[in-house]
Amino acid sequence: MRTLRAVAELRAALAQTRRAGRTIALVPTMGFLHEGHLSLIAAARDQADEVVVSLFVNPAQFDEASDLDAYPRDEARDAGLAAQAGAHLLFAPPVQEMYPAGFTTQVRVQGPLTEELEGAHRGAAHFHGVTTVVTKLLNMVAPDVALFGQKDAQQTLVIQRLVTDLDLPVRIEVAPTIREEDGLARSSRNVRLGGDDRRRALALSRALRAAEQALAAGTSDAATLLAAARAAMDDFDVEPEYLALVDPEDLRPVATVDQETLLAVAARVGQVRLIDNTVLSPELHHRRGYADGDPPLAAGVNRTDPQEV
Ligand code: PAF
């Protein structure tokens, strides 16, 4: 695997790939790779001949300078993991390559997709930073397919919208959330969970599971499901920034879970802000059901299927 830092080098390398008739997948990352990223690289290998992993901690999407400063970085480790996972090329540009002097353009998806949930708490500017850098990466790499994780459910909706609205010639694939054995969603930020905060971080996945259990027990009223999720978080003494049941396409709040519904949560645990989500499907849950003592949200999947855990 080669590591490239300049856009011109990247374009030259990928022009050769294209001339050879080979297809290209892009896995955009901010580094400090974990199992979630590696599963995206594995999925990318199934979708295209060559896999480009981008590694760029994008200052434009951080709303807090302290979060940007504390964001874990280890390029040598990332390069080793990406190579092992089968990536062909690592694109790791310095900030001046992505945002050279004089840079003034921003790409924005407007409206509820960027203003609700994460947008309401972090500010829509977070997503404007994401869409700007993703547009640049898609222009630089011109991949056939780009892969993103379901853990950032709202981000995937925003990126789908961006690609549709700007007629970008790329297919967007969303891969399931990868979890630790105990249910915690994998995130580069997890390494910053010190002491008891690692245990308290389970509040998020347990909240999702509590709602799933309540749904399986026959409750479809959103307020009741949210109350069950909230109670699970209280057990860990973790206050949600938001805990919301919304339409998975447009993020509008729902009153009843009578079709697929996104349950999304964000919370600060110690110094670390975490997010998680699951898609509640009344059909699946009424058919399968949860029993007391079932394990938490399954490792490796987002939509839980207790029969197969
Ligand atoms: O999901 C992320 O890691 C980032 O938001 C992304 C898509 C790499 C853009 O910086």
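A 1.4 Å probe run over the protein chains yields, for the chain, 44 Å² of accessible area per residue, whole-number rounding. List the GluC sites (Glu not before Pro) in the stretch 133-221 that DSSP assigns to loop (not H, G, I, E or B) and whose Cβ has at most 15 other Cβ atoms within 10 Å. Which are they? Those that pass, being in a loop and sparsely packed, are GLU181. The Cβ shell under 14 Å around PHE236 holds other residues with a net charge of -1, Lys and Arg each +1, Asp and Glu each -1. Given a 1.4 Å probe and the protein chains as shown, ASP46 ends up with an accessible area of around 140 Å². Note on the chain: GNM, Cα springs under 10 Å; of GLN96, GLN84, GLN213, the largest mean-square fluctuation is that of GLN96. Over the chain, DSSP H runs of length four or greater, each weighted -39,500 (n - 2.57), average out per residue to a 222 nm ellipticity of -11500 deg cm²/dmol. In this structure HIS121 has an accessible area near 90 Å², from a 1.4 Å probe over the protein heavy atoms. Measuring spread by the Cα atoms of the chain yields a radius of gyration and Dmax of 19.6, 59 Å.
Overall, the accessible surface of the chain at a probe of 1.4 angstrom is composed of carbon and sulfur to the extent of 47 percent.
Across the protein chains, with a 1.4 Å probe defining accessible surface, the residues TYR99, TYR71 rank TYR99, TYR71 from largest area downward. Normalised by the number of residues in the chain, the mean separation of alpha-carbon contacts (under 8 Å, six or more apart) gives a relative contact order of 17 percent. When peptides 203-210, 239-246, 53-60 are ranked by their average number of other Cβ atoms within 10 Å per residue, the highest-first order is 203-210, 53-60, 239-246.
A straight line joining the Cα centroids of the stretch 30-65 and the stretch 200-270 runs 27 Å.
Checking every one of the trypsin sites (Lys or Arg not before Pro) in the stretch 1-63 against DSSP loop status and a limit of 14 other Cβ atoms within 10 Å picks out ARG5, ARG22. Ordering THR131, THR219 by accessible surface, largest first, gives THR219, THR131; the 1.4 Å probe counts only protein heavy atoms, with every chain in place. For the chain, a Gaussian network of Cα nodes joined below 10 Å ranks ARG179, ARG108, ARG77 by mean-square fluctuation, and the top entry is ARG77.
The values are calculated or read from the model by the stated rules, or taken from the named source; none is laboratory data. A quick note: this is a predicted structure, and the numbers were derived from the prediction, not measured. Reconstructed Cβ throughout: ideal geometry from the backbone, glycine too, with neighbour counts over all protein chains shown. Remember, those area values only see protein heavy atoms, side chains included, never the ligands or the DNA or RNA. Shrake-Rupley method; radii C 1.70, N 1.55, O 1.52, S 1.80 Å.
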